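**Q** Below are the structure tokens for one structure; questions will follow.
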Amino acid sequence: MRMLGLLAVIVASISSQIVFAQEESKTLRVYNWSGYIGDGVIEEFEKETGVDVIYDTYDSSSEVEEKILRGGNKYDVVVSSLNFMAAQSKQGLFQPIDRQKIRNYDGLDPDFMSSISTLDIENTHGIPYMWGTLGIGYNETMVRGVLGSKAPIDSWDLIFKPENLKKLSACGVSFLEESTQMTSLVLNYLKKDPNSSNVSDYKKSAENYLKKLAQHVNVFDSKEFLDNLSSGKICVAVGWSGDIAKAIKDAKAENSNLKLRYVLPKEGTFRWVDMLSIPVLSENTDIAHAFIDFLTRPEIAAKNTNNNRYANPVPKSLPFVEPLLRDDRSIFPTKDVQLKLFQNSPRSILVRRAIKDVWKNVLDEYQKFHPVPFNPNFLKHNTQDSEKIWDEAADNLLQG
């Protein structure tokens with residue numbers, strides 16, 4: 001009897017290996033943001049499993065959203081925002097995650113998982129990949145040179161007070177060209193619900209205030225701000241935490257003397273989460289689960305954080321994260337700071353239309369004051385006298 005039992009176990013084991021081997025011979029199709037995975041991670045998964053990975057990338061959230069809404073192009077794993085994934089899961093475009101196939105599931109931060117379960121109900125359809133915040137990246141020397149030693153660098157007052165923004169426009173200020181995020185930030189600053197369902201909050205409060213700011217904003221941009229900030233061509237940028245961290249890293253790599261900083265304003269800010277999910281039309285769901293499980297390994301999650309400069313939801317990854325990143329409270333905020341973060345909730349079609357209209361009106365207002373495309377080289381500090389100008393500003397601060 002014992003021999004028969006042992007034989008049954010061996011047969012079952014061999015059978016499972018054969019099935020897995022068959023799965024390994026297949027191809028996994030992945031769709032992710034460009035530059036959003038650690039060096040060698042895909043190759044390591046391929047070597048370990050024998051799976052060929054077709055890895056496609058996109059550059060804007062609208063690209064992935066349009067692709068999924070049109071059927072998903074037979075992708076097996078897709079990285080998209082929590083908001084989008086949660087909304088489209090209700091429409092049946094993403095399939096539930098089989099937790100039994102995610103061996104590292106228990107290693108995910110339970111508090112974090114609870115915080116996103118209001119959108120991904122009971123954490124059914126996705127696994128968090130990376131998360132971060134929207135904040136202020138700034139050149140400390142330039143900002144203090146313009147506003148003085150008491151510049152409110154820990155507050156949205158720095159750029160949401162028109163009088164401060166007007167002064168800072170002399171050294172260059174960039175706002176994100178992201179309608180929902182920017183309107184949410186302004187509503188929060190005005191002490192209104194950043195996820196308001198009241199159309200008038202957008203049409204009146206947010207639009208009127210953003211129009212006041214638009215005349216002093218140098219550029220609305222979601223692509224060039226990183227390079228402009230890291231090269232010293234602008235002094236302030238509203239941007240994503242990881243992008244600003246990359247700008248800081250790039251400046252240091254070039255042995256730049258720029259004092260770049262990133263701050264989470266004390267009034268609170270937007271937190272975004274990118275999710276790993278499996279489209280309903282995936283033909284390789286077992287391999288898709290295996291890939292997601294692979295990405296949640298502590299050492300792999302750390303590789304991705306080290307590359308992307310964004311936080312991950314795997315606490316056991318921290319020993320493998322670069323110390324400067326791990327100890328950076330703007331990348332890994334304390335629990336107290338996280339309580340001040342908000343995430344976008346699904347909005348009604350009326351609110352979405354209102355945001356679209358508001359943003360068009362804000363950009364139209366911007367164009368009135370900036371009929372010529374922004375060129376940072378025309379800012380005063382980017383002229384031949386720039387070094388002298390900002391050396392004098394720094395000297396004044398030291399003396400004052």
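The values are calculated or read from the model by the stated rules, or taken from the named source; none is laboratory data. Note that the structure is predicted; figures quoted are calculated from it, not measured. No Cβ is skipped: glycine too gets one built from the backbone with ideal geometry, and neighbour counts run over all protein chains shown.
**Q** Going through region 310-329 one residue at a time, which ones are within 15 Å of the chain's Cα centre (by Cα) and in a loop (DSSP other than H, G, I, E, B)? Spell out the reasoning first.
**A** Just the residues of region 310-329 that are within 15 Å of the chain's Cα centre (by Cα), to begin with: 310-313.
The answer is Tyr310, Asn312, Pro313.
**Q** Let me ask you something else. Return only the number of the condition from (1) closer than 29 Å to Leu190 by Cα; (2) surrounded by 23 or more Cβ atoms within 10 Å (Cβ to Cβ); (3) of a type in the set (S, T, N, Q) that Ser330 does not satisfy.
**A** The number of the failed condition is (2).
**Q** Identify the residue in region 101-156 that is over 22 Å from Leu341 (Cβ atoms) and charged (D, E, K, R) and, among all such residues, is surrounded by the most Cβ atoms within 10 Å (Cβ to Cβ).
**A** Within region 101-156, the match that is surrounded by the most Cβ atoms within 10 Å (Cβ to Cβ) is Arg144.
**Q** Still on this structure: Name the helices (runs of 4 or more DSSP H) wholly within region 79-188 that hold at least 1 residues that are in contact with a Phe, Trp or Tyr (Cβ under 7 Å, 6 or more places away or on another chain) and not assigned by TED's automatic domain parsing to the domain that holds Leu379?
**A** The qualifying helices (runs of 4 or more DSSP H) are 82-89.
**Q** Taking region 76-100, which residues are within 23 Å of Val53 (Cβ to Cβ), crowded, with 16+ Cβ neighbours inside 10 Å and over 17 Å from the mean Cα position of the chain (by Cα)?
**A** Once the filter is applied, which keeps residues that are within 23 Å of Val53 (Cβ to Cβ), crowded, with 16+ Cβ neighbours inside 10 Å and over 17 Å from the mean Cα position of the chain (by Cα), region 76-100 yields Asp76, Val77, Leu93, Phe94, Gln95, Ile97.
**Q** A further question on this structure: I'm trying to understand the selection: among the residues of region 330-357, which are in a helix (DSSP H, G or I) and either touching a residue at least 24 places away in the same chain (Cβ under 8 Å) or farther than 23 Å from Thr305 by Cβ (or both)? Before the answer, list the steps.
**A** Restricting attention to region 330-357, the residues satisfying the condition of being in a helix (DSSP H, G or I) are 335-338, 349-357.
Lys335, Val337, Gln338, Ile349, Leu350, Val351, Arg352, Arg353, Ala354, Ile355, Lys356, Asp357, listed by residue number.
**Q** Here is a list: Ile331, Ile355, Ile287. Which entry is touching a strand residue (DSSP E or B) at 6+ places or on another chain (Cβ under 6 Å), under 21 Å from Leu82 (Cβ atoms) and among the β-branched types (Val, Ile, Thr)? Talk me through it step by step, then tell me what you get.
**A** Numbers: Ile355 fails: touching a strand residue (DSSP E or B) at 6+ places or on another chain (Cβ under 6 Å); Ile287 fails: under 21 Å from Leu82 (Cβ atoms).
Step by step, each of Ile331, Ile355, Ile287 is checked, and only Ile331 is touching a strand residue (DSSP E or B) at 6+ places or on another chain (Cβ under 6 Å), under 21 Å from Leu82 (Cβ atoms) and among the β-branched types (Val, Ile, Thr).
**Q** Residue by residue through region 38-59, note down the ones that are out of contact with any strand residue (DSSP E or B) (no Cβ under 8 Å at 6 or more places or on another chain) and in contact (Cβ under 8 Å) with a residue 12 or more places away in the chain.
**A** The answer is Gly38, Asp39, Gly40, Val41, Glu44, Glu48, Thr49, Gly50.
**Q** Follow-up. Can you pull out the residues in region 188-222 that are among the charged types (D, E, K, R) and touching a residue at least 60 places away in the same chain (Cβ under 8 Å)? Even if it seems obvious, please write down each step before you answer.
**A** Of all residues in region 188-222, those among the charged types (D, E, K, R) come to 191-193, 201, 203-204, 207, 211-212, 221.
Across region 188-222, the qualifying residues are Lys203, Glu207, Lys211, Asp221.
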